[in-house]
Every structure is written in structure tokens, then in C-alpha cells.
Number of protein chains: 2
Amino acid sequence: MTSDRPIVVLCGGVGAARLLIGMTRVVADEQLIAVVNTGDDMVMHGLHISPDLDTVVYTVSGQVSKERGWGLEGETWQAMEMVGRYGGQDWFALGDRDLGTHLYRTDQLQQGRALSDVTGDIARTWGLGFRVLPATDNPLRTKLTTVDGDELTFQEYFVGRSHDVAVSRIRFEGARAATPAPGVLDAIANAERVIVAPSNPAVSIDPILAIPGIRDALKDRRSSVVAVSPIVAGDALKGPAARLLRELGSEASVAGVAEWYQSIAGTLVIDSADRDRAADIEAVGVKAVTADTIMVDPAASERLAQTLLTVPVGDPMNSTDEPG
Amino acid sequence: MTSDRPIVVLCGGVGAARLLIGMTRVVADEQLIAVVNTGDDMVMHGLHISPDLDTVVYTVSGQVSKERGWGLEGETWQAMEMVGRYGGQDWFALGDRDLGTHLYRTDQLQQGRALSDVTGDIARTWGLGFRVLPATDNPLRTKLTTVDGDELTFQEYFVGRSHDVAVSRIRFEGARAATPAPGVLDAIANAERVIVAPSNPAVSIDPILAIPGIRDALKDRRSSVVAVSPIVAGDALKGPAARLLRELGSEASVAGVAEWYQSIAGTLVIDSADRDRAADIEAVGVKAVTADTIMVDPAASERLAQTLLTVPVGDPMNSTDEPG
């Protein structure tokens, strides 16, 4: 990397956080910008909770619980234990340390600060040197309609129903009135390249794309946008990505992902396990690059990050933009 | 006590809670009703906090920290430690277990329930058999103007400034629009007797009296209202009661307290240490009764409670009501 133009990573939660661990090893902090989904955000017990932002910060700082894979190391559960005693809502587990983050965020937001500002404080406190931006400072809420006609918030779906219910429709409440957080559009426009992390296309990346201006900004940079397929060998490593793609009428495969991102990404990085599907990807006008995408440890994340930074981009094939 | 009419106790925090411990030993749960100050309530970090209600519940249930005198036994401070790390507001210490109460209360209020309903849940969860009612379900905020012209909330004054600043004026924001919580006026009207706990007259009891209807209801029952002086030998056992009485132009003495409550209480129970001031109390038309009012242990609380239940009331002297 000789340029000092930004490397922008569009992020959901865990998969994106693992990729960022690798990115921080190969990209200077000043160059790296994470743009994180806020469609999972919610107000619960009066507190503003931003699950994907916190997953990114806690994971990249090495403080995420290794045992649980979410929340913090050294966590205690005294507050939730009390909520449970009262018969209150305790299905969404909030650890005591984690609550400190939500208390701080809520307090700062109520004092009139923007989520992007407060997120900056939180990321710096955890020692992150790169920029972590919410996709928007405005309320954005992913809502999933089940085949039974219930409309669920993301966490009701993901945690409350253990994502074990068929979904017929997803919408992003508030998206139309939202604007990208300060810095997001500039980052995309000036990016050396934009990476779409191996997050859930339907519920982690699509909410970001639903914010007016972001999809168009990515289309303008399409040839410099490199997506990583979260689907490997027809299934998601974690979570309901494969299931949701199918339920929403796509193929749960790297080809389905290529089609999903076709308008914004010139390149899709697929796992070696899917190398036989490369032609299906190129068929929809997306360059296919094969790599080991399963980030079993930080070294694997680093190798994937290095690949993402070095795959040739700017190829005019199917691109609307000029090479950078 | 042969009647089964209510015994109503107007309450602030610690002093009232200690008295209630005694009351529960001599009054049937069905008969006892605590009406608790909510002027100290606040929304902090997005959470609805009711310090006096919680002090009453935690203390009477025996779960208050013996070491600190406030908050819960077995408390941890993980959330606040995090808030502090972020550089957030951590001057008002909220323990992790205590946070569970605020999370539950806030959630239930946001679901549209009344504070009085939610308080009932909380008190029952802690094993309290008697009724604990907030004075009002509406927002009520005690605001103190310092001699420097700053206006402080109660907790900013009490905790933030360690009540070490001269006050020129106290007002109760929201009082005019507030209504007594369901059950409060009936309880007073039907009470066998009403006890005013040895709480701070200016900032614990006055907010209750500022809610339209409550002062008049007490005036109607004046001869059955027995107040306990929080001032003993010219000083408060705890907190800024003496100082505030002086700053607001009263005498910091049992005589000052008698004058303060003259319109609502026919009887004032004073500590044996103040027996020489009885005549000053009777001079403002209030019966003086001497007792040991310092509740060093539950047995002392019980003796005081017994006294409060047995001092003759209904004496028409200076009373506007008929004997019960």
C-alpha cells in the first residue's frame, strides 16, 4: 500500500470485527475507517444499545469474551440477575461492564452529542487507533416480518427467537430520513478501496446501504469495492445469513452473494471451498477471487486482510468509475 | 391498636426507613402504608432513579449496605467503573445490583405503567408486605437555589456538592401539575393516624406536601397527624436538615420543626434531649410528646413506632378535624 487514502470497511458485528483485527495489522490506523451497521441498535430499559459498534470495539481491543464470543471478558451479571428477580425483560443479557458502555452512550446522547462522536470516545477508551463510525447518527431499525406476519426488531429476531423463524420481508425503519454519519461519504469517495466485511448481507450490510447516499457512493466506486462472502460452501459460518438469503429469494451461495452485491462491488472474495463457483460469479459481472476466508485466528485474519488489500482492483470490467 | 384503619407514614429516605422497620413490628402489613418522597427522583444515563423509594425498600428488607448505609449489600461497581473509564458522569454511584432496579423501573415506566404500580412490584420482590406508594406518579423535582444563584437538583446538591453550600430557596418543579398517587388521599382520609417520619422537613417532606391535595388532606386530619422531629438538640442526626432550616429562616430546633409542621400536625414527638423545649412547641399550638427518637437499632425503632401509635391523638386542641 503506497497510497495513504482510506481503507474503508463496511461492518456488521463478529465477522467484521475479526477482519478488522487483521486489518489493523496491515493498515496504518490513520488510514483505516470502519463504517458500522446501526440497524441492530435499540433502546432497552431506557438505554441506547449499539450491538455491532460494541462488538467491533470489544473484539478488536481483545476484550471480547473468548468463552461466549460476545460481551466482555471479566463480565458479571448482577444487574440482569436483579431485573430477572423483578420479572423484568432479561432475555437480552447485558453484563455489568457492558452496561457501563450503554450508560455512558445514553448519557452523552441525551446531552445532545452525536452517536459518531460518542463512538469515537468509546473506541479511543478501548485503545483503538482507527476510526469507528456508525453508518448514521440517526435512528435506524432493522425490522423483520416473519411468515406468520409478526414484525420483529433485529434483536427480537436474533436473540429473542434465536433466528429460528422464517422471514418474509426486511425493512429498515428510519432509513429514508437518515443521513450518513459525518465522514462516511467522504471516506467512501476517497477510499483506496472499500471492503465489505463477511457480515450478513441482509441484516448487517443492507441497513448501511439503505441510508440515502451510501449505495450511490459505493456504485460510483464499484471497481474499488471488494466484498468478502460470508457464505462458505453454501452455509454461513455463524448466524442466519444462508437462511435469510434463501427466504428472501436468493441462492445461499457465493453466487447469491455476488448477485446481492453486484451493483456495488466489482470484486467478491470467496473461500477456496467455493472455487468451483467462480464462473457463476463472473457471470453476473463480478470478479471472483479465491482465498482462505475463514478467520480461525488473528494470523488468518491478517492473511485475509492482506489479500483484500492486494487483489487487483480498478479493473474497468463492469465498473462505472475511473480507476483510482 | 384495635382499629384496622391505615397507619400512614410520610417518608423521606434513611430516617423514614428506620422508622418503618419498627412499624412493621407493631403494625399489620395490611394496615401500614408508606407514602414516599419522589422529589429526589431523577433521570440519569437514561434511567429513572427513585432514591427515597429504593432506600425505603432496601432498608426495610434488611438489604441495605450496613457499611455504607445506602445501596445494597453484596454490591459491585463494574458498570460505574466503566463509566468512569469513559470519562462519563460517575459522581452519583450506582451499584450493579442497584442498576437492576433502575433498569426494571425504567423499562416498566416506558411501557406505560405508573410509578406506583412498579414500586409495588419492587417492594413485593424484596418481601415487603406493606404498601409503599410514591407520593405522586407525576414528575416532581426538588430544586435548590444556592446563595450564588445556581439552581441544583436534589442529588447535585446532596451528593454532587455534599450539601455543603448555602441555599436560599427551594422549589418543587412539577408539583403544581402533579396529583397524589392513587391511594394516597384515601389513605390519609381514612388513616387511624398519619406519622410524619423524622425526615428532612425542607427536602423530604415538603415535596410531598407540595402536591396539590395532600397538604389539605393532612390539615383535615391534623389532630391525627403525629410528626417526629428530625432535629435533636439543635442538630440533625444525619444530613442537612438543621442547616437548611436555618438557611430558610427557621430555627434549627424542635421548635422550628413544630412551626414548620404546625398547620398539618397536631402532635410533635421530640427527643428526650429536647424536653426543655416542650413549652415552645405547645406555644405554636402543637402538642409535644417526649420519647427516645434516636433509632440506634431495630428495637429502638420498634419502641419509637409503639410510642407513635399510642400517643393520644384526636385532641381537639388546635385541630380542625373531628376525633377519629
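Numbers at a glance
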read-out	value
Segment B:255-297: projected area of the alpha-carbon convex hull, averaged over directions, in nm²	3.0 nm²
Top of B:Met82, B:Met42, B:Met295 by mean-square fluctuation, Gaussian network on chain B, Cα under 10 Å	B:Met82
Rounded to whole Hz, the Karplus (6.51, -1.76, 1.60) HN-Hα couplings of segment B:148-162, x for glycine and proline	7, x, 6, 9, 10, 6, 4, 6, 4, 5, 6, 9, x, 9, 6
Inter-copy spacing of B:Glu282 label points, which lie 7 Å from Cα along Cα→Cβ, given in nm from shortest upward	11.0
For B:Leu10, residues with placed amide H under 5 Å, excluding near neighbours	B:Val35, B:Ile195, B:Val196, B:Ala197
Cleavage-rule hits (GluC sites (Glu not before Pro)) in segment B:1-102: DSSP loop, at most 12 neighbouring Cβ within 10 angstrom	B:Glu67
Whichever lysines have a C-alpha closer than 19 Å to that of A:Lys238, once near sequence neighbours (fewer than 8 apart) are set aside	A:Lys66
Amide H within-cut-off set for A:Thr290, under 5 Å, with H built and near neighbours excluded	A:Ile270
Segment A:1-127, relative contact order in percent, only Cα pairs under 8 angstrom and at least six apart counted	19 percent
Descending semi-axes in whole angstrom, ellipsoid equivalent of segment A:195-324, from the Cα gyration tensor	20, 18, 14
Chain A: angle of helix A:115-125 to the longest principal axis, Cα-based, in degrees nearest 10	90 degrees
Value of [θ]222 nm, deg cm²/dmol, for chain B, DSSP H segments ≥ 4, -39500 (n - 2.57) each, nearest 500	-9500 deg cm²/dmol
Folded to 0 to 90 degrees: helix B:14-26 orientation relative to chain B principal axis, Cα	60 degrees
Spatial separation of Cα centroids for segment B:243-258 and segment A:12-57, in angstrom	57 Å
Percent antiparallel among DSSP beta bridges (both partners in the protein assembly as shown, rounded to 5)	40 percent
Copies compared at B:Thr179 - label distances in nm, ascending, label defined 7 Å from Cα in the Cβ direction	4.3
Segment A:97-156 and segment B:143-221: distance between their alpha carbon centers, rounded to Å	38 Å
Normalised contact order of chain B, rounded percent, pairs of Cα under 8 Å and 6 or more residues apart	20 percent
Equivalent-ellipsoid semi-axes of the protein assembly as shown, from the Cα gyration tensor, Å, largest first	64, 22, 19
In sequence order, calculated HN-Hα J values of segment B:129-142 (Karplus, 6.51, -1.76, 1.60; Hz; x Gly/Pro)	x, 8, 7, 10, 10, x, 4, 8, 8, 8, x, 9, 9, 6
Solvent-free Debye scattering, log10 I(q)/I(0), computed from the Cα coordinates of segment B:140-179 at q = 0.28, 0.32, 0.35 Å⁻¹	-0.88, -1.04, -1.16
Sites A:Ile294 and A:Asp150 - FRET efficiency at Förster radius 51 Å, r taken between beta-carbons, to 0.05	0.90
Highest-MSF residue in chain B out of B:Asp235, B:Asp186, B:Asp271 [GNM, Cα springs under 10 Å]	B:Asp186
DSSP-assigned coil residues among chymotrypsin sites (Phe, Trp or Tyr not before Pro) in segment A:48-112, each with at most 15 further Cβ atoms within 10 Å	A:Trp91
Angle in degrees between helix A:96-110 and the longest Cα principal axis of chain A, rounded to the nearest 10	80 degrees
Nm distances between copies for A:Arg68, ranked from closest, using label points 7 Å along Cα→Cβ	2.3
Percent breakdown of C-alpha pair distances by 5 Å bin, ordered from the shortest bin, for segment A:66-160	2, 11, 14, 18, 22, 19, 10, 4, 1, 0
From phi via Karplus (6.51, -1.76, 1.60), per-residue ³J(HN,Hα) for segment A:271-287 in Hz, x at Gly/Pro	6, 3, 4, 9, 4, 6, 9, 3, 5, 5, 6, 4, 5, 9, x, 10, 6
Relative pair counts by distance (%), Cα atoms of chain A, 20 Å bins	34, 60, 7, 0
Estimated buried accessible area (total), pair B and A, 1.4 Å, Å² to nearest 100	2700 Å²
Segment B:112-176: relative contact order in percent, alpha carbon pairs under 8 Å with at least 6 residues between	30 percent
Fraction in percent of alpha-carbon pairs per bin - 5 Å, segment B:1-153	2, 9, 17, 20, 19, 16, 9, 5, 2, 1, 0, 0
Built amide H within the under 5 Å cut-off of B:Gly71, gap 5+	B:Ser65
Bridge type composition, chain A - antiparallel percent by DSSP, nearest 5	40 percent
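The values are calculated or read from the model by the stated rules, or taken from the named source; none is laboratory data. Just so we're clear, the structure is a prediction, and the values are computed from it rather than from any experiment. All Cβ positions, glycine included, derive from the backbone under ideal geometry; neighbour counts span all protein chains shown. Surface accessibility is based on the protein's heavy atoms, side chains included, excluding ligands, DNA and RNA. Shrake-Rupley method; radii C 1.70, N 1.55, O 1.52, S 1.80 Å.
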